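**Q** Before we start, here is the structure in question, set down as structure tokens.
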Amino acid sequence: MSSKDGQSLLHLLDEMQDKKHFQQLNWSGTFHDYLDIVATNPRITRNAFQRLYDMIMSFGTDQFEDAKKRLIRYHFFSDTGFDSADAIFGLEIPLMRLVNFFKAAAQGYGTEKRVLLLHGPVGSSKSTIVRRLKRGLEHYSRTDDGAIYTFSWFMGDLPEDGSLPDPSKIVGVREGLEPEWEPCPMHEDPLHLIPPNMRERFLAKFNEDRPAEEQIRISGELCPACRYHYRELMRRYDGDWTLMIRHIRVRRLIFSEQDRIGIGTFQPKDEKNQDSTELTGDINYRKIAIYGSDSDPRAFNFDGEFNIANRGIVEFIEMLKLDVAFLYDLLGASQEHKIKSKKFAQTDIDEVIIGHTNEPEYRRLENNEFMEALKDRTVRIDVPYITKLKNEIKIYERDFNHNKVKVHIAPHTLEIAAMWAVLTRLEEPTKANLTVLQKLKLYDGKTLPGFTDDNVKELRKEATREGMSGISPRYVQDKISNALVNYQENGYINPFMVLNELESGLKNHPLITNDDERERYRELLSVVKDEYTEIVKNEVQRAISADEEAIKRLCANYIDNVKAYTQRERVVNKFTGQAEEPDERLMRSIEKKIDIPDSRKDDFRREIMNYIGALAIEGKTFDYTTNERLHKALELKLFEDQKDSIKLTSLVSHVVDKDTQEKIDVVKARLIKNFGYNEHSATDVLNYVASIFARGDASED
């Protein structure tokens with residue numbers, strides 16, 4: 001039998017299923033069983049804000065410093081364990097503000113009565129943040145730490161032994177008949193079943209001798225549907241609550257946006273085709289004929305977004321495009337934690353309300369004096385574009401990697417595209433000796449002579465709107481996709497192909513409003529082209545000078561001369577055996593490669609010897625690769641000595657002798673092995689760098 005026939009594949013699926021986990025997620029029990037669980041783990045009664053905050057914190061954090069500012073990185077937003085497609089990179093400061101909002105709300109400090117509004121330019125991850133929170137709650141509700149419970153009503157007659165039939169065997173609604181099982185339409189906490197007049201004594205007994213973090217609260221009343229069932233059963237048992245509660249079956253609740261359980265999403269549509277019942281539920285006209293009244297809760301569908309999102313989260317897409325009627329519902333839901341369904345009294349809700357909008361819509365809100373109530377109940381968190389290059393690169397690497405894209409992407413292609421995108425978002429520095437490209441490098445953690453962390457902190461402080469405008473990651477992603485399609489016959493794409501796509505799209509970019517802005521973006525394309533040229537020149541230089549034995553010999557020669565120079569000794573010539581003065585010309589030819597001026601050469605040489613001496617004391621041997629500056633200087637010096645022997649510029653003329661071709665093949669192999677090129681992209685890079693050197697040689701002539 002084949003290992004891939006239907007029977008074997010079915011057997012594989014059978015082995016993969018986790019029946020025990022399924023049973024845990026579908027647990028059900030009596031109200032008594034639920035109280036046992038609460039007594040063991042009071043955290044299951046948390047409100048929506050507490051649960052959301054705990055979910056974020058369950059993934060862990062780490063602290064780090066950026067330009068002397070202590071920041072917290074919340075792993076939840078970048079963890080790829082449950083939703084790799086929506087991982088968020090960077091944005092530490094906006095995310096810290098977001099989590100602080102949830103923390104304050106979880107502790108009842110007032111923000112739980114506010115609408116949270118994420119505000120920023122298009123494509124800045126606002127909807128991604130909300131989508132990730134929703135997915136996180138779905139994932140968390142399936143774990144032991146995130147367990148949450150609700151209940152169903154059994155409206156039939158109890159057997160003599162008091163046992164309840166299986167709630168999974170629900171009798172459907174038939175004409176003139178009620179279903180035996182009625183789930184709470186708003187997924188309420190079973191503790192709501194404890195009457196308000198009993199709660200004070202119950203809580204006092206439960207919380208007695210418990211630490212503050214293990215004490216519980218009961219807030220809110222039963223929804224209209226559950227109030228009806230409660231009254232009916234209490235009448236049946238002449239007010240005996242202990243008999244009534246036997247009709248309750250508590251069950252595990254699993255959040256699911258697709259099933260509309262605990263997670264709601266509302267998107268504005270045409271004003272003529274929507275009304276506030278989409279948020280608070282609507283009358284079921286078919287059932288009016290059965291129950292005889294449109295105010296009977298059995299004839300009402302409590303399935304609006306506010307209803308089904310109870311105990312979880314509700315998202316408002318483009319929130320400020322909502323009709324005024326919706327905004328009134330929003331105000332009550334946030335401030336009072338209540339909603340008003342048609343024909344019913346106000347109903348308690350417990351959910352996180354979060355919306356997002358762009359700048360034009362928010363400016364309209366600010367200028368509308370009739371929207372004071374909404375502005376007063378809204379907490380705005382700005383979500384700008386990323387301004388750190390390394391984080392922008394991660395966005396494109398997530399979508400364009402060798403697992404997803406079969407076309408080879410040459411090294412630095414995504415980096416250069418990301419560099420241009422970030423440059424468009426940065427404000428021009430006010431310091432006369434600082435370019436916008438240097439500013440990008442400082443933000444990315446690079447060091448520049450004459451600039452400290454204090455300077456970087458000052459740069460960020462003076463640029464108050466940085467990241468709130470510029471090119472969206474979506475535009476760059478679209479142009480990378482275009483390049484992959486247009487050049488797929490080549491088998492690879494390189495930075496120039498993507499830069500051409502980026503430039504050609506500027507003339508039709510819908511969000512570029514004036515020619516000055518368009519011209520600035522074109523100028524920045526030239527900036528990144530120049531930077532790319534420097535990057536690949538350096539790579540080719542390193543590939544040419546990657547002969548480790550040659551570097552070691554050059555390093556040993558340099559160290560011997562530096563040692564003699566600092567100790568005022570002479571150097572023994574290996575060939576003649578004569579003692580000679582240290583080779584100043586050799587030492588300076590290396591030091592100049594890393595811009596060590598004549599006035600600083602003594603300091604640099606002493607620094608090297610002190611470093612070697614410190615290693616010797618620890619019993620360690622000096623290795624040039626551990627000193628980045630010296631390593632770079634040696635590579636550049638070796639490249640200078642070897643480039644003429646390789647005759648790289650002869651590539652341009654297409655006349656290459658056998659000896660030179662062998663050396664070029666070695667360099668190409670190093671580019672492929674050490675830097676990630678393939679055969680075609682390595683050849684392109686060598687030709688490009690060769691043409692640069694050829695132009696340089698011609699200008700020197």
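The values are calculated or read from the model by the stated rules, or taken from the named source; none is laboratory data. All values reported here derive from a predicted model rather than from experimental measurement. Cβ: placed from backbone, ideal geometry, glycine included. Neighbour counts: every protein chain shown. Note: areas computed on protein heavy atoms with side chains; ligands, DNA, RNA excluded. Shrake-Rupley method; radii C 1.70, N 1.55, O 1.52, S 1.80 Å.
**Q** For segment 130-146, which positions are part of a helix (DSSP H, G or I) and not aromatic (Phe, Trp, Tyr)? Break it down stepwise before answering.
**A** Start the filter on segment 130-146 by keeping residues that are part of a helix (DSSP H, G or I), which leaves 130-141.
Residues satisfying the conditions are VAL130, ARG131, ARG132, LEU133, LYS134, ARG135, GLY136, LEU137, GLU138, HIS139, SER141.
**Q** Applying the selection to segment 129-148, what residues are open to solvent by 20 Å² or more (accessible area, probe 1.4 Å) and in contact with a Phe, Trp or Tyr (Cβ under 9 Å, 6 or more places away or on another chain)?
**A** Selection gives ARG135, GLU138, HIS139, ARG142.
**Q** Filter segment 266-287 down to the residues that are surrounded by fewer than 18 Cβ atoms within 10 Å (Cβ to Cβ), of a type outside the set (D, E, K, R) and more than 17 Å from PHE344 (Cβ to Cβ), then identify the one that is modelled with the highest pLDDT.
**A** Within segment 266-287, the match that is modelled with the highest pLDDT is GLN267.
**Q** Another one. Scan SER78, SER28 and give me the residue that is under 22 Å from ASN310 (Cβ atoms), among the polar types (S, T, N, Q) and touching a Lys or Arg at 6+ places or on another chain (Cβ under 9 Å). It would help to see each step written out before you state the result.
**A** Working: SER78 fails: under 22 Å from ASN310 (Cβ atoms).
None of the other options fit; the residue is SER28.
**Q** From the list ILE263, ILE290, ILE317, which residue is among the hydrophobic types (A, V, I, L, M, F, W, C), crowded, with 17+ Cβ neighbours inside 10 Å and touching a residue at least 60 places away in the same chain (Cβ under 8 Å)?
**A** Details: ILE290 fails: crowded, with 17+ Cβ neighbours inside 10 Å; ILE317 fails: crowded, with 17+ Cβ neighbours inside 10 Å.
Just a single option satisfies the conditions, and that option is ILE263.
**Q** Now for a separate question. If you check GLU523, GLU458, GLU519, which single one turns out to be part of a helix (DSSP H, G or I), surrounded by 13 or more Cβ atoms within 10 Å (Cβ to Cβ) and either without any contact (Cβ under 8 Å) to a residue 12 or more places away in the chain or not hydroxyl-bearing (Ser, Thr, Tyr) (or both)? It would help to see each step written out before you state the result.
**A** Details: GLU523 fails: surrounded by 13 or more Cβ atoms within 10 Å (Cβ to Cβ); GLU519 fails: surrounded by 13 or more Cβ atoms within 10 Å (Cβ to Cβ).
The unique qualifying residue is GLU458.
**Q** Which one of these is touching an Asp or Glu at 6+ places or on another chain (Cβ under 7 Å), under 30 Å from THR424 (Cβ atoms), modelled with pLDDT under 90 and not hydrophobic (A, V, I, L, M, F, W, C): LYS388, LYS321? Steps first, answer last, please.
**A** On the way: LYS388 fails: modelled with pLDDT under 90.
It is LYS321.
**Q** Then there's this: Inspect segment 71-92 for any residue being part of a strand (DSSP E or B) and more than 18 Å from THR128 (Cα to Cα) and give the result as yes or no. Walk me through how you get there before you give the answer.
**A** Going residue by residue through segment 71-92, those that are part of a strand (DSSP E or B) are 71-74.
Checking the rest, the ones that are also more than 18 Å from THR128 (Cα to Cα) come to 71-72.
Within segment 71-92, one or more residues are part of a strand (DSSP E or B) and more than 18 Å from THR128 (Cα to Cα).
**Q** Please work out which one of (1) closer than 26 Å to GLU392 by Cα; (2) touching a residue at least 60 places away in the same chain (Cβ under 8 Å); (3) not β-branched (Val, Ile, Thr); (4) not in a loop (DSSP other than H, G, I, E, B) is the condition TYR34 fails and give its number.
**A** Only one criterion in (1) closer than 26 Å to GLU392 by Cα; (2) touching a residue at least 60 places away in the same chain (Cβ under 8 Å); (3) not β-branched (Val, Ile, Thr); (4) not in a loop (DSSP other than H, G, I, E, B) is unmet by TYR34, namely (1).
**Q** Let me ask something else about it. Under 7 Å by Cβ, and 6 or more places apart or on different chains, what pairs join a residue from segment 414-432 that is closer than 17 Å to LYS457 by Cα and open to solvent by less than 10 Å² (accessible area, probe 1.4 Å) with one that is assigned to a helix (DSSP H, G or I) and not β-branched (Val, Ile, Thr)?
**A** LEU426/LYS439; LEU426/LEU440
**Q** Next up: Scan THR621, THR660 and give me the residue that is surrounded by fewer than 18 Cβ atoms within 10 Å (Cβ to Cβ) and either at pLDDT 80 or above or charged (D, E, K, R) (or both). Explain how you work it out, then say what you get.
**A** Working: THR660 fails: either at pLDDT 80 or above or charged (D, E, K, R) (or both).
Going through THR621, THR660 in turn, the sole match is THR621.
**Q** Here's another thing I want to ask about it. Quick check, is THR111 surrounded by fewer than 17 Cβ atoms within 10 Å (Cβ to Cβ) and among the hydroxyl-bearing types (Ser, Thr, Tyr)? Full working, then the answer.
**A** Values: surrounded by fewer than 17 Cβ atoms within 10 Å (Cβ to Cβ): no; among the hydroxyl-bearing types (Ser, Thr, Tyr): yes.
Judged against the criteria, THR111 is not a match.
**Q** Just checking, does segment 529-540 include any residue being out of contact with any Ser or Thr (no Cβ under 8 Å at 6 or more places or on another chain), of a type in the set (A, V, I, L, M) and loosely packed, with under 13 Cβ neighbours inside 10 Å?
**A** Step one: filter segment 529-540 for residues out of contact with any Ser or Thr (no Cβ under 8 Å at 6 or more places or on another chain), giving 529-540.
Applying the additional criterion that residues be of a type in the set (A, V, I, L, M) yields 535-536, 540.
With the extra rule that they be loosely packed, with under 13 Cβ neighbours inside 10 Å, the set shrinks to none.
Within segment 529-540, not a single residue is out of contact with any Ser or Thr (no Cβ under 8 Å at 6 or more places or on another chain), of a type in the set (A, V, I, L, M) and loosely packed, with under 13 Cβ neighbours inside 10 Å.
**Q** Please enumerate the residues belonging to segment 290-313 that are touching a Phe, Trp or Tyr at 6+ places or on another chain (Cβ under 6 Å) and of a type in the set (A, V, I, L, M).
**A** From segment 290-313, those touching a Phe, Trp or Tyr at 6+ places or on another chain (Cβ under 6 Å) are 297-299, 305, 312; that's our starting set.
Scanning segment 290-313 gives a single hit, ALA299.
**Q** Check segment 380-391 and report whether any residue there is in a strand (DSSP E or B), over 30 Å from GLY312 (Cα atoms), among the β-branched types (Val, Ile, Thr) and in contact (Cβ under 8 Å) with a residue 24 or more places away in the chain. Break it down into steps so the answer makes sense when it comes.
**A** Keep residues of segment 380-391 that are in a strand (DSSP E or B), which gives 380-382.
Within this subset, residues satisfying the condition of being over 30 Å from GLY312 (Cα atoms) are none.
Within segment 380-391, none of the residues are in a strand (DSSP E or B), over 30 Å from GLY312 (Cα atoms), among the β-branched types (Val, Ile, Thr) and in contact (Cβ under 8 Å) with a residue 24 or more places away in the chain.
**Q** Moving on to the next point. Could you tell me whether segment 563-585 includes any residue that is of a type in the set (A, V, I, L, M), surrounded by 12 or more Cβ atoms within 10 Å (Cβ to Cβ) and under 51 Å from the mean Cα position of the chain (by Cα)? It would help to see each step written out before you state the result.
**A** First, the residues of segment 563-585 that are of a type in the set (A, V, I, L, M): 564, 571-572, 579.
Next cut, surrounded by 12 or more Cβ atoms within 10 Å (Cβ to Cβ) only: 564, 571-572.
Those left that are additionally under 51 Å from the mean Cα position of the chain (by Cα): none.
Scanning segment 563-585, I find no residue that is of a type in the set (A, V, I, L, M), surrounded by 12 or more Cβ atoms within 10 Å (Cβ to Cβ) and under 51 Å from the mean Cα position of the chain (by Cα), so the answer is no.
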